[in-house]
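Asker: I have a structure here, written as structure tokens, and I will follow up with some questions on it.
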Amino acid sequence: AKATINSPNTRSVVLTGRTEPLRPVLEKIFEFSGLEFDYVYMRDSEDVKTEHYKTETVKSIVKEWADKKILEVKVWDDHPKNVAAMSECLKDLQQEIGSLRTFEVNHVPSVYSILPKKQEKTIAQGLLDTLQQSSGRKKPF
């Protein structure tokens, strides 16, 4: 992400299956990590499966930007189901949208288990507290 942040021809997008209540935590993690993204998409509710949410959002983004002649899309995800679904989605979009020359969907092995949302938020807050203590910054929220 850091390599593409300042490129005028690149849009860096975070598309996460996490829900909106976790946005402040994610934004603080990005801030502490020195990461900036043009767009951050998060699910409104847990009622929609992550795989469906991500493929529909990718379709929407690519179609919305089709007039800007998207040439390449790169995706990284830690869930094999999402990787397969997004690969299929982008393959279909490539046929539909002539300007999309290439795409790649990369599997990034996960180093964690899926946690209940409350536990995930507690762990994320603990990580931020550790970062804050080691960097001497004020508590982010």
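Asker: Leaving ligands, DNA and RNA out of it, report the carbon-plus-sulfur percent of the accessible area of the chain at a 1.4 Å probe.
Answerer: Ligands and nucleic acids excluded, carbon and sulfur give 52 percent.
Asker: What do you reckon, how do T122, T102 stack up by accessible area (1.4 Å probe), largest on top?
Answerer: Output order, biggest surface exposure first: T122, T102.
Asker: Also: Which aspartates and glutamates have a Cα lying under 15 Å from the Cα of K28, excluding residues fewer than 8 positions away in the same chain?
Answerer: Reachable aspartates and glutamates: E20, E36, E120, D129.
Asker: Ranked by accessible surface with a 1.4 Å probe, highest first, in what order do W76, W65 come?
Answerer: Details: W76 155, W65 35 Å².
Order by accessible area, largest first: W76, W65.
Asker: Just for the Cα atoms in the chain, what are the lengths along the principal axes, largest first, rounded to whole Å?
Answerer: For the chain, the Cα extents along the three principal axes come out at 50, 34, 25 Å.
Asker: Not counting ligands, DNA or RNA, and with a 1.4 Å probe, what is R11's accessible surface area in Å² rounded to the nearest 10?
Answerer: Taking all protein chains as shown, R11 has close to 130 Å².
The values are calculated or read from the model by the stated rules, or taken from the named source; none is laboratory data. Being a predicted model, the structure only gives us computed values, none of them experimental. What goes into the accessible areas is simple: the full protein's heavy atoms, side chains included, and nothing from ligands, DNA or RNA. Shrake-Rupley method; radii C 1.70, N 1.55, O 1.52, S 1.80 Å.
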